[in-house]
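One structure is given below, encoded as structure tokens.
The values are calculated or read from the model by the stated rules, or taken from the named source; none is laboratory data. What you see is a predicted model; the values in this text were computed from it and never measured. Backbone-built Cβ (ideal geometry, glycine too); neighbour counts: all protein chains shown.
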Amino acid sequence: MAGKGGATSSTYAPSPTTQKTKSLIFGNNDVDWVRSDGREFHQCRPAFFKTGAVNCASGSAYAEFGNTKVIVSVFGPRESKKAMMYSDIGRLNCDVSYTTFATPVRGQGLDHKEFSSMLHKALEGAIILDTFPKTTVDVFALVLESGGSDFPVIISCASLALADAGIMMYDLVASVSVSCLGKNLVIDPVLEEESYQDGSLMLTCMPSRYEVTQLTITGEWSTPKLNEGMQICLDACAKLAEIMRACLKGTNSTLEES
Amino acid sequence: MKLIISEMVGLSIGEKHFIQGGIAQDIRSDGRKRLTPRPINVKTGVISQANGSARVRMGATDVIASVKAELGRPTALQPDKGKVFINVDCSPTAAPMFEGRGGEELSAELSVALRHCLLGGKSGSGLSSLLAIVSQWNVFESNCRVKIWVPLFVSGAGIELSSLVVVEGKICWDLYIDGLVVSSDGNLLDALGAAIKAALSNTGIPRVNVAAGASGDEQPEVDVSDEEFLQFDTSKVPVIVTLTKVGKHYIVDATSEEESQMSSAVSISVNRQGHICGLTKRGGAGLDPSIILDMVSVAKTVSEQLINTLDSQIAAAEAGEDES
């Protein structure tokens, strides 16, 4: 599947201003090092989104970023289980699973049990839970193929599926990660880059509100580097949200476009 | 689950206002200022069967960490590195909500968080040492809160995983780090982080003598000494500082009452050099990026004091243990 609007509309690499500072970084370090897919350090993979991928769900979305392929279905709002206590705000139930063939080694995806609760945390701040009291919305994500940066793709795709299901949200949620490889920050890392990373930063935000809903950092980061990483991610998130918005608008007018 | 927990704290509207108002005026219900942590009490060597152990108390929060070392085989992917496993257990004896699945959920979240803090990225590769992982857990999360984590071990810091190797590709030490929540009054993650740091500094790994002559695929014979022990240098192990945002302000070392009022919390792991080793946010409310950066710098200041207090407490605990 190719991006609908060609390369221009579907890439969300951070703005040229940030790229300028990046080129400095290249200069100082191993310049000969090339990313396996030929991208620049601050260039994202082309993003492709499609809503309405699953017919029987209230809303669904399919996302493809390079080799990372994710499908998210949203069901509900449905009545909360009887055993649960009364709640005057809605509940969100998230589940992330991997197909057995998603990873290079079969069944490796089982290591990602924490993703379900992390997805919940990333999304709950963006959803207006007051709009569906006493009920539950289910968000089921399935990683069809793991090609790196899986979790950011899951989050972005899930927020698109929620929007497709007509669940009220403050803003779309976009997520981007950067890996720290040596002295370089590499955006939207592929699987191979993730396995060699010294540290990683994943930022989830609501770009229109300029609010960070989730931030996860591993590895050792100095403050300037942290600033840089966050700025790159915020910038890329804003652009990613544009692509997601375009996808939503596209389905409203013509199915062809999506 | 979260709802149940916040309801279990059982605060009236008046109490909630009292807590929020106190935080706004920089004097909390227990008399602390916003950035004043509770006194920490560290006791090491509490479990004699373990290679190292520590008990950390902060107010009514009480946790135990133990470190056990066993000989194992390194993985094929990383023949020059030892393995570290971290697990946290929340027993229902600490709080009724830990019973059954409630405890499981919390245990899993804490374990993941600490694993991130201690073992490096998800992939666990590419790091010469343990990485601090910042992750998040839901316990006592009422509405939303941001946890800033300072990851525990960062690249180039923490325990050198390569120091756990006995014979490359054949024998290494497997470290099993277990945390137990004995009593919970908020800020579990910070307490567990401190307990693990203390337990690691209390840990002695037996010296191993490898019998010469083994070659090829044979598993070499080893002789584990019961007299000589190696110690870890834990000065680089980061500490975790959680900043809980209540209203417009954020506080350190929140009690469970305060945690029930949070809008978000950020846990930051910081090492002695002041580098961020991990960070995680929890709670639904979004945060402005500039606030997060502000929290990071506050966490650095707070972590400095925390590391110093912890180091002196650990030293005192070790000295006390030697005497007895």
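Can you confirm whether the range B:243-251 contains a residue that is in contact with a strand residue (DSSP E or B) (Cβ under 9 Å, 6 or more places away or on another chain), buried (at least 22 other Cβ atoms within 10 Å of the Cβ), within 13 Å of chain A (Cβ to nearest Cβ) and not basic (Lys, Arg)? Yes - at least one qualifying residue is present in the range B:243-251. Within the range B:252-275, the set of residues being facing chain A (nearest Cβ under 10 Å), surrounded by fewer than 24 Cβ atoms within 10 Å (Cβ to Cβ) and at pLDDT 85 or above comprises just one member, B:Ser263. In the range A:114-124, is there at least one residue being under 21 Å from B:Ala113 (Cα atoms) and of a type in the set (Lys, Arg)? There is at least one residue in the range A:114-124 that is under 21 Å from B:Ala113 (Cα atoms) and of a type in the set (Lys, Arg). The residue list A:Leu142, A:Leu203, A:Leu172 contains one member that is within 18 Å of the chain's Cα centre (by Cα), assigned to a strand (DSSP E or B) and closer than 27 Å to A:Ala57 by Cα, which is A:Leu142.
Sub-7 Å Cβ pairs linking a first residue in the range A:142-160 that is at positive phi to a second residue that is part of a helix (DSSP H, G or I) and of a type in the set (Ser, Thr, Tyr), at least 6 apart or interchain, number zero. When every residue of the range B:54-62 is checked against the conditions, at least one turns out to be loosely packed, with under 13 Cβ neighbours inside 10 Å and more than 29 Å from B:Trp173 (Cα to Cα). Would you pick out the residues in the range B:276-295 that are at the interface with chain A (Cβ under 7 Å from one of its Cβ atoms) and either in contact with a helix residue (DSSP H, G or I) (Cβ under 7 Å, 6 or more places away or on another chain) or crowded, with 24+ Cβ neighbours inside 10 Å (or both)? Passing the criteria: B:Ile276, B:Cys277, B:Gly278, B:Leu279, B:Thr280, B:Lys281, B:Arg282, B:Gly284, B:Gly286, B:Leu287, B:Pro289, B:Leu293. Only a single item in (1) assigned to a loop (DSSP other than H, G, I, E, B); (2) in contact (Cβ under 8 Å) with a residue 60 or more places away in the chain is not met by B:Pro220, and it is number (2). Just one of the listed residues (A:Asp198, A:Asp235) is within 14 Å of chain B (Cβ to nearest Cβ), acidic (Asp, Glu) and under 15 Å from the mean Cα position of the chain (by Cα), and it is A:Asp235. Going residue by residue through the range A:240-256, is there one that turns out to be facing chain B (nearest Cβ under 10 Å) and among the polar types (S, T, N, Q)? No: the range A:240-256 contains no residue that is facing chain B (nearest Cβ under 10 Å) and among the polar types (S, T, N, Q). Per the conditions (1) more than 8 Å from chain B (Cβ to nearest Cβ); (2) out of contact with any His (no Cβ under 9 Å at 6 or more places or on another chain); (3) crowded, with 24+ Cβ neighbours inside 10 Å, the sole criterion not satisfied by A:Gly219 is (1).
Applying the set (1) in contact with a Ser or Thr (Cβ under 6 Å, 6 or more places away or on another chain); (2) in a loop (DSSP other than H, G, I, E, B) to A:Asp95 leaves exactly one unmet item: (2). Within the range B:227-249, one or more residues are outside any strand (DSSP E or B), over 15 Å from the mean Cα position of the chain (by Cα) and of a type in the set (Gly, Ala, Ser). One residue alone among A:Val212, A:Val176 is buried (at least 24 other Cβ atoms within 10 Å of the Cβ), facing chain B (nearest Cβ under 8 Å) and among the β-branched types (Val, Ile, Thr), and that residue is A:Val212.
No other residue among A:Gly166, A:Gly229 is more than 12 Å from the chain's Cα centre (by Cα) and either within 12 Å of chain B (Cβ to nearest Cβ) or aromatic (Phe, Trp, Tyr) (or both) apart from A:Gly229. Within the range A:210-238, being touching a residue at least 40 places away in the same chain (Cβ under 8 Å) and either outside any strand (DSSP E or B) or more than 20 Å from B:Ser264 (Cβ to Cβ) (or both) holds for A:Trp221, A:Lys225, A:Glu228, A:Gly229, A:Gln231, A:Ile232, A:Cys233, A:Asp235, A:Ala236, A:Cys237, A:Ala238.
Note on the range A:113-126: among residues that are at the interface with chain B (Cβ under 8 Å from one of its Cβ atoms) and either on the phi > 0 side of the Ramachandran plot or crowded, with 20+ Cβ neighbours inside 10 Å (or both), the one that is modelled with the lowest pLDDT is A:Glu114.
One line per residue, one yes/no per condition, for (1) over 21 Å from B:Pro238 (Cβ atoms); (2) more than 9 Å from chain B (Cβ to nearest Cβ); (3) not β-branched (Val, Ile, Thr):
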site	(1), (2), (3)
A:Thr135	yes, yes, no
A:Phe140	yes, yes, yes
A:Ala158	yes, yes, yes
A:Tyr170	yes, no, yes
A:Cys180	no, no, yes
A:Asn184	yes, yes, yes
A:Glu192	yes, yes, yes
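Which one is farthest from B:Ala195 (Cα to Cα) among residues in the range B:69-105 that are among the basic types (Lys, Arg) and surrounded by 18 or more Cβ atoms within 10 Å (Cβ to Cβ)? Here the answer is B:Lys81. Against the test of being buried (at least 22 other Cβ atoms within 10 Å of the Cβ), of a type outside the set (Lys, Arg), within 29 Å of A:Gly148 (Cβ to Cβ) and at pLDDT below 75, the options B:Leu110, B:Leu114, B:Leu118 yield a single qualifying residue, B:Leu118. Within the range B:306-317, the set of residues being surrounded by fewer than 17 Cβ atoms within 10 Å (Cβ to Cβ) and farther than 20 Å from B:Thr242 by Cβ comprises B:Ser312, B:Ala315, B:Ala316.
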